[in-house]
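Input: a single structure, listed below in structure tokens.
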Amino acid sequence: MHKWRAGFINELWLLLYRKKMIAFFTFSVILPILLAVSLHALQPILGLVAVSQSFPIQMLSIYTVVWIPLFILTMTADLFPSEVATRTLKLAFLRPNTRFQVFCAKVAALAVGIGALLVLLGVVTLICNVFAGTALSFAEGMGVFKAYVAAFVAMVALSAVFVFVSQFFKSVSGFMVSAIVLYVALKISPFLLSAMSTFSPASYTDWHMLWISHTVAVGKLWSTSLYLLSSCVLFFTLGYYIFDRKEV
């Protein structure tokens, strides 16, 4: 366990030192503030509440469709294909760690990055609500918390898919192009084949909306939860299977 923890901490530091990571987190802070200020400035013209109490959920819906998936693709490319291309993955294997520990450390670091991005977004949007005079009640705050936790599960399930896909690539550019095309295809496919909306992890980027709805049955929430968790396990296992047999 001590060896895995050391590898995990090392992966976290490597992510933090990347300029891309800093850029993602900086943008994640600036965008909600800019939108809140812009909406507040337009309030006299629009005659609407500039920053409503649903602002954290509205921003979450935008981020889970575009921004966080892009973050996942970028970080996955740096954690796997980039290290294969630059041959730095060999250094991880020189440490007294098994391949399973190395793989788990990278996946866990990616999950922490996703969680940190969601926490940052949630805190910033709630602060925007406070300054706009539309602070949330305790019950509303718990609803937002529940939505963000659900979004985290959905984003981790999506990241497991792309971690699996990344094992087939040895170049960052090849993976990024293929992954973006795959993600777009997965988002479009439910419109062409309705069954894809149930069996594609990419269809659950707005899954958090179900958790704040009062009309969704509890059974449906639990069944979709089990599906996402099983998707995580499935693609994690498949990804590790290929990673374990990869020659670097």
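The values are calculated or read from the model by the stated rules, or taken from the named source; none is laboratory data. Everything numeric here is computed off the predicted structure, so don't read it as measured data. Neighbour counts are summed over all protein chains in view; Cβ atoms, including those assigned to glycine, are modelled from backbone coordinates with ideal geometry.
Taken over segment 111-152, the residue count meeting the criterion of being within 22 Å of THR205 (Cα to Cα) and either in contact with a Phe, Trp or Tyr (Cβ under 9 Å, 6 or more places away or on another chain) or not in a helix (DSSP H, G or I) (or both) is 20. Of the residues making up segment 176-200, those that are at pLDDT below 85 and not hydroxyl-bearing (Ser, Thr, Tyr) are PRO190, PHE191, LEU192, LEU193, ALA195, MET196, PHE199. The set of residues from segment 69-123 being in contact with a Pro (Cβ under 7 Å, 6 or more places away or on another chain) and under 24 Å from GLU247 (Cβ atoms) is empty. From the list SER197, SER171, SER189, which residue is more than 21 Å from ILE62 (Cα to Cα) and of a type outside the set (Phe, Trp, Tyr)? So the residue among SER197, SER171, SER189 that is more than 21 Å from ILE62 (Cα to Cα) and of a type outside the set (Phe, Trp, Tyr) is SER171. Being touching a helix residue (DSSP H, G or I) at 6+ places or on another chain (Cβ under 8 Å), surrounded by 17 or more Cβ atoms within 10 Å (Cβ to Cβ), within 19 Å of LEU34 (Cβ to Cβ) and of a type outside the set (Phe, Trp, Tyr) is true of LEU117. Considering only residues that are more than 17 Å from the chain's Cα centre (by Cα), closer than 29 Å to PRO81 by Cα and of a type in the set (A, V, I, L, M), which ones fall in segment 182-240? Hits for segment 182-240 are ALA185, ILE188, MET196, LEU234, LEU238. Given the residues SER223, SER203, SER173, SER178, which is the only one that is over 26 Å from ALA109 (Cα atoms) and either surrounded by 13 or more Cβ atoms within 10 Å (Cβ to Cβ) or polar (S, T, N, Q) (or both)? Answer to the check: SER223.
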